[in-house]
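One structure is given below, encoded as C-alpha cells.
The values are calculated or read from the model by the stated rules, or taken from the named source; none is laboratory data. What you see is a predicted model; the values in this text were computed from it and never measured. We place every Cβ from the backbone using ideal geometry, glycine too, and count neighbours over all the protein chains shown. Note: accessible area is taken over every heavy atom of the protein model, side chains too, but ligands, DNA and RNA are not part of it. Shrake-Rupley method; radii C 1.70, N 1.55, O 1.52, S 1.80 Å.
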Amino acid sequence: MRFLRRSSADATEAPETDAEVAPPIEKGRTQGKGRATPKRREAQGRRSGPVPPPPRTQREAFKRMRGSKVNKEERRAAAAERRQRMLAGDDKYLLPRDRGPVKAYIRDLVDSRRNLMGLFMPLAILVFVALLVPSVKIQQYATLATTFMLLAMIVEGFVLGRLVTKRVRQKFPNEPIKALSIGWYSFIRASQLRRLRVPKPRVSPGDAIK
C-alpha cells in the first residue's frame, strides 16, 4: 500500500535541526557534565565559607593575635575548672571508673584508714636508689626489706578488699557487687599517696564511716 510509505518529497519538507541531530554516544561511556570539576581546595572553601583576608595593618594583626590568645586563656580556664571539680569529687567530671555512690563510699572507707600500702611508691624509689649503691650488702638488705614489705602489702590489700566488699554489700544491698572489682579498686586507691589521690579524700584518717 502506498500510504504506508513515506515519499521522498515529505522527507525533504522536514529538514533536520541542530537540536534533533545529536552525536552518537559510545557504548559504555557516560556523557560529560558540561562543566569542569572543581578542585578540592575550592570545594572546601565553598563549604567552610570565604577565607578572611590577611591583615592590612600591624594593628589589625595584633588584634587577631590578641583574640586567639583570649580563646586560649578561656580554654585553659575551663580545663582548670574541670580539674578542680574532678578533685572535689563532682560526679559529673569524674572518670567513669570513679562515678557513682558506691565508688564514693569505697573511697571514704579507704581514706579513713592508715594503710601500709601507701608506702608503695616511696618503697619503689628506695629500691631504685639501693640498686645504684655499689655496696652488695646494702643491696641485699634493701631487697630483703622490700620483699617483706611487698608481702605485707599483699596481705593488707587482701584483708582490705574483703572488708570493703562486706561494708559495701551492707550499705548497698540492691547493687550488683563484684568482690574482685571492689578489692582491686580499693587496692589501687590505698597504694597511692594520700596527697596524690584523685578525687581528693573527703575524710581524715580515723573518721567513722557509716
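The residues in region 133-179 that are open to solvent by less than 70 Å² (accessible area, probe 1.4 Å), among the polar types (S, T, N, Q) and either in contact with a Ser or Thr (Cβ under 9 Å, 6 or more places away or on another chain) or not in a helix (DSSP H, G or I) (or both) can be counted, and the count is 2.
The residue of region 180-193 that is nearest to VAL102 (Cα to Cα), among those that are hydrophobic (A, V, I, L, M, F, W, C) and crowded, with 20+ Cβ neighbours inside 10 Å, is ILE182. Within region 104-127, residues that are in contact (Cβ under 8 Å) with a residue 40 or more places away in the chain and more than 11 Å from LEU160 (Cβ to Cβ) reach partners that are among the acidic types (Asp, Glu) and in a loop (DSSP other than H, G, I, E, B) with beta carbons closer than 6 Å, at six or more positions or on different chains, in the pairs SER112/ASP207.
Just checking, which of ARG97, ARG113 is within 23 Å of the chain's Cα centre (by Cα), open to solvent by 80 Å² or more (accessible area, probe 1.4 Å) and at pLDDT 85 or above?
ARG97
Taking the stated definitions as given, is PHE120 of a type in the set (Phe, Trp, Tyr), under 17 Å from LEU196 (Cβ atoms), open to solvent by 90 Å² or more (accessible area, probe 1.4 Å) and over 26 Å from the mean Cα position of the chain (by Cα)? In short, yes.
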